[in-house]
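A quick write-up on the structure given underneath.
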Amino acid sequence: MFNKENYRRIKREFTAKHLAAGEKQQARMREVESAVPEIAEINRALSETGLKIFRAALGGKDGLDARIAALQTENGELLAARGDILAHAGYPRDYLNLHYDCDICHDTGFCENGTKLCACMRRALILAGYESSGIGALLSQQTFDNFSLDYYTDPADRAVMANNLDVARHYVERFSSDRAQNLLFFGQTGLGKTHLSTAIAKALIDRGFDVVYETAQNIFSDFEDERFNRAYNSGAEEKKTDRYFECELLILDDLGAELSNQFTASCLYNLINNRMNAGKSCIISTNLSHPEIEKRYTQRVLSRLLGTYQNLRFCGRDVRMMKIRM
């Protein structure tokens, strides 16, 4: 769940934010103690609370609750007095409190004694997932909710596309990182393949899955650079192409738009085969027909796509052109 690199980065950011809150509080303490000497005396008394509680515990169980309650009352009175002095000096009453962006996890990213991811960190990871997916800008524009069947005016086409939409929704509902679920979207341009692919990507990123969405042209270009450009990934711990094998869902868009040759055919087979063997899911969209796929990428690639992918044909009129004319 969640992109590993994003998780490490976001966790570091939360740790830094948590520590920064403490540093800011200490800076406010120094500022106020310098300006208002009475505050320094109260702070010293408050700092001894932990030691007093420890000493109270050493006194045995008899009367311990009463002793702890008395210390809590004393602590509350000191805090109230400090608030009054701060207010009289022109400061907010809570000026010396720790101020976190999230009162639930105190900017650690975890709650329930560190056993559960806090909602604030989950939001940060989801937003990072939008960025690292490769289609951040499209995710807010192309969703299941705004995929309209009204553009498919022919009843037969609408029935096919309604089924495709239903399959895509169920794909998200059943998605698991434990087993591969593969889809092949094929059909002419402008029929909604990218829209449904993006809708699936957004829904799964929102659930915390690591999704990479990239065009075939860019994917094969990365493999080509990795093989032929010595400076590519030089000194890097991880290859750029690793993410195509490691993500929980790879969406390979517009297969066939790239310059196809023996190298790209080999890369495609390797990518499909490795992900299949690792039990990782993949969605491929293409304007090519099955015979054209076989001609460009060999029969063994087509065999994988027919045998291990659910094939969905997209039909109708070019929706993009219809929107432009409206």
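Where a number appears in this text, it was derived from the coordinates with a stated rule and is not lab data. These figures come from a predicted structure and were not determined experimentally. All Cβ positions, glycine included, derive from the backbone under ideal geometry; neighbour counts span all protein chains shown.
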Would you please put 242-253, 216-227 in order of how densely packed they are, using the mean number of other Cβ atoms within 10 angstrom per residue and starting with the highest? 242-253, 216-227
Using 0.36 nm times the number of residues separating residue 5 and residue 87, minus their current alpha carbon distance, what extension gain do you get? 25.0 nm
Taking the alpha carbon gyration tensor of the chain, what are the square roots of 5 times its eigenvalues, largest first, to the nearest whole Å? 58, 23, 19
Computed over the chain: longest principal axis from alpha-carbon atoms vs helix 216-228 long axis, angle to nearest 10 degrees, is 80 degrees
Mind scanning 24/240; 11/239; 11/61; 17/202; 193/240 and naming the pairs with a C-alpha gap bigger than 32 Å? 24/240; 11/61
Could you tell me the calculated FRET efficiency between residue 295 and residue 317, based on Cβ-Cβ distance and R0 = 30 angstrom, to the nearest 0.05? 0.70
How many angstrom lie between the Cα centre of region 123-154 and the Cα centre of region 11-61? 47 Å
In nanometres, what is the gap between the two model label sites at residue 218 and residue 103, each 7 Å from Cα along Cα-to-Cβ? 4.1 nm
Measuring from the longest principal axis of the C-alpha atoms of the chain, the long axis of helix 37-47 (C-alpha) lies at a number of degrees, nearest 10, equal to 70 degrees
Fully extended contour minus Cα-Cα distance, from residue 74 to residue 158, at 0.36 nm per residue: 22.9 nm
Measuring from a point 7 Å past the Cα of residue 27 along Cα-to-C-beta, which residues in region 83-105 have an amide N at less than 16 Å? 95-101
Compute the long axis of helix 193-206 from its Cα atoms, compare it with the longest principal axis of the Cα atoms of the chain, and write down the angle in degrees, 0 to 90, nearest 10. 20 degrees
